[in-house]
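Everything on this sheet refers to the single structure shown next.
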Amino acid sequence: MKIVDVEVLVTCPGRNFVTLKVTTDEGITGLGDATLNGREQAVVAYLREHVVPLLLGTDPHRIEDTWQSLYRGAYWRRGPVTMAAIAAVDVALWDVKAKVAGLPLYQLLGGASRERVRTYGHANGRDVPELLDSVRQRQAEGYQAIRVQTGVPGLEKVYGVHTGEAIAHNPTRLDQRAVPVVEDWDTGAYLRHLPTVLEAVRHEFGPDLPLLHDAHHRLTPLQAARLGKDVERYDLFWLEDCTPAENQEVFRVVRQHTTTPLAVGEVFNTVFDYQTLITEQLIDYARSAVTHFGGISALRKLFDFAAQYQVKSAVHGPEDISPVGMAAAIHLDLAVHNFGIQEYSGHTDTTNEVFRHAYTFTDGHLHPGEAPGIGVEYDEELAAAHPYDPAYLPVNRLADGTVHDW
Ligand code: EZ4
Ligand code: CO
């Protein structure tokens, strides 16, 4: 079998998504997600200019060889643009292979290790009462584990909290001239406030509800260590991205001081970002996305490596991962033994119409469905009615104007 056509498709049914579509001489198609939120067109160009010409005429069954040749052949290794492009190719080829086999992808990954995939959803509020309402709303939708984020008194726009027009979590478009939203930040105020938020949530919902929290790379090692310690009594499922983890060694400081479980990895793109964290057992959950980590092949290897150190999977699944990337994640979640939890925010109705998918969400759990391949079909006509719309992620600044980690 040969690859005869490769297309890079861009659509914005609520937010921008980049999809790779591979077609074989036997008329079989495969889809891969290449969405790099806020930097989408860099991956589009990387694929169109440098990857598509290399794929034409090759055997789609040779997934590992294609992966290695794109990774090693470029000479320039790693990085989010490269790894998102490779991920899209990898997932599209797995989709083709599973369709040829007539099986849902998880069967080719070793089959189901569980009946269904546990998820967590996001609850947000400007203040505690609004957050409690949001938790109730998520519970009504079926979620059985919930990430809680609130505003901080004195700060106007904080990550993960919806504040009217400027939705901090989402890219914001300003007419034709896309500029980032500016959020504000004060770590001291946040560190004082968060334990009171968790106290209120535990008081309202009791000890059994699994609760998560995302610090979004904003703390120093000592601040993270102190926060982990301060919130131990609230029994978090995890504290996410407590420091910017380019410097993996800082997790030694955090780990020494707290038994709050730690999760990291949504901005990582290869196993090398995790080496110290995993071999020294400095984290509990590896949170990379299929889409940003070189695909199913690479993430499977990461999780097998992590399993030896009792580190579990927790694939990144925000709204900016397309249903193609979500589907790939759900197949992998069902198959790997050391599955931890899957982040799941769902998508807009229009997104679900553009990307019709076999996966289902019931009682807070996902299942990939039994359609051959990854189980996603792309409606090109509907997608074309929602063209690319430039958008940026926010930037974060302290009160004196200094740029802070976002
Ligand atoms: O901010 O995916 O855990 N989820 C997150 C996400 C990220 C976005 C960035 O594109 O932190 O909401
Ligand atoms: Co996060």
Quick check on the range 109-128. Is at least one of its residues among the aliphatic types (A, V, I, L, M), away from ligand 2 (no atom under 16 Å from the Cβ) and over 30 Å from residue 301 (Cβ atoms)? yes
State yes or no: is residue 239 assigned to a strand (DSSP E or B) and either at pLDDT 95 or above or over 23 Å from the mean Cα position of the chain (by Cα) (or both)? yes
Selection from the range 216-235 of residues out of contact with any helix residue (DSSP H, G or I) (no Cβ under 7 Å at 6 or more places or on another chain) and either surrounded by 20 or more Cβ atoms within 10 Å (Cβ to Cβ) or within 21 Å of residue 183 (Cα to Cα) (or both) yields 216, 217, 220
Would you confirm whether any residue within the range 233-244 is more than 16 Å from ligand 1 (Cβ to nearest atom), free of Cβ contacts under 8 Å to residues at least 40 places away in the same chain, touching a strand residue (DSSP E or B) at 6+ places or on another chain (Cβ under 9 Å) and not assigned by TED's automatic domain parsing to the domain that holds residue 36? yes
Across the range 280-303, the tally of residues that are touching a His at 6+ places or on another chain (Cβ under 9 Å) and charged (D, E, K, R) stands at 1
Among 72, 62, 118, which is among the basic types (Lys, Arg) and closer than 16 Å to residue 22 by Cβ? 62
Look at the range 252-298 and say how many of its residues are crowded, with 23+ Cβ neighbours inside 10 Å, part of a helix (DSSP H, G or I) and not polar (S, T, N, Q). 6
Reported set for the range 283-303 where residues are under 14 Å from residue 35 (Cβ atoms), within 16 Å of ligand 1 (Cβ to nearest atom) and touching a helix residue (DSSP H, G or I) at 6+ places or on another chain (Cβ under 6 Å) is 290, 291, 292, 293
Is it true that some residue in the range 307-319 is assigned to a loop (DSSP other than H, G, I, E, B), assigned by TED's automatic domain parsing to the domain that holds residue 159, under 17 Å from the mean Cα position of the chain (by Cα) and more than 16 Å from ligand 2 (Cβ to nearest atom)? no
Top-ranked residue in the range 315-358 [being out of contact with any Lys or Arg (no Cβ under 9 Å at 6 or more places or on another chain) and of a type in the set (Val, Ile, Thr); ranked as surrounded by the fewest Cβ atoms within 10 Å (Cβ to Cβ)]: 350
Is the range 167-184 home to any residue that is among the β-branched types (Val, Ile, Thr), at pLDDT 80 or above and assigned to a helix (DSSP H, G or I)? no
Does residue 359 meet the test of being within 16 Å of ligand 2 (Cβ to nearest atom) and either within 14 Å of the chain's Cα centre (by Cα) or at pLDDT 95 or above (or both)? no
Would you say residue 36 is in contact with a Ser or Thr (Cβ under 6 Å, 6 or more places away or on another chain) and either crowded, with 22+ Cβ neighbours inside 10 Å or not in a helix (DSSP H, G or I) (or both)? no
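Let's see how each residue does on (1) more than 23 Å from residue 358 (Cα to Cα); (2) more than 16 Å from ligand 1 (Cβ to nearest atom); (3) not in a helix (DSSP H, G or I):
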{"position": "113", "(1), (2), (3)": "no, yes, yes"}
{"position": "136", "(1), (2), (3)": "yes, yes, no"}
{"position": "139", "(1), (2), (3)": "yes, yes, no"}
{"position": "154", "(1), (2), (3)": "yes, yes, yes"}
Selection count where residues are charged (D, E, K, R) and either within 16 Å of ligand 2 (Cβ to nearest atom) or on the phi > 0 side of the Ramachandran plot (or both), scope the range 334-356: 1
Odd one out for residue 120 among (1) within 23 Å of residue 377 (Cβ to Cβ); (2) of a type in the set (Ser, Thr, Tyr); (3) within 18 Å of the chain's Cα centre (by Cα): (1)
Boolean, residue 257 is out of contact with any strand residue (DSSP E or B) (no Cβ under 8 Å at 6 or more places or on another chain) and within 16 Å of ligand 1 (Cβ to nearest atom): no
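The values are calculated or read from the model by the stated rules, or taken from the named source; none is laboratory data. Not measured: the values here are computed from a predicted model. Note: ideal-geometry Cβ built from the backbone for every residue, glycine included; neighbour counts use all protein chains shown.
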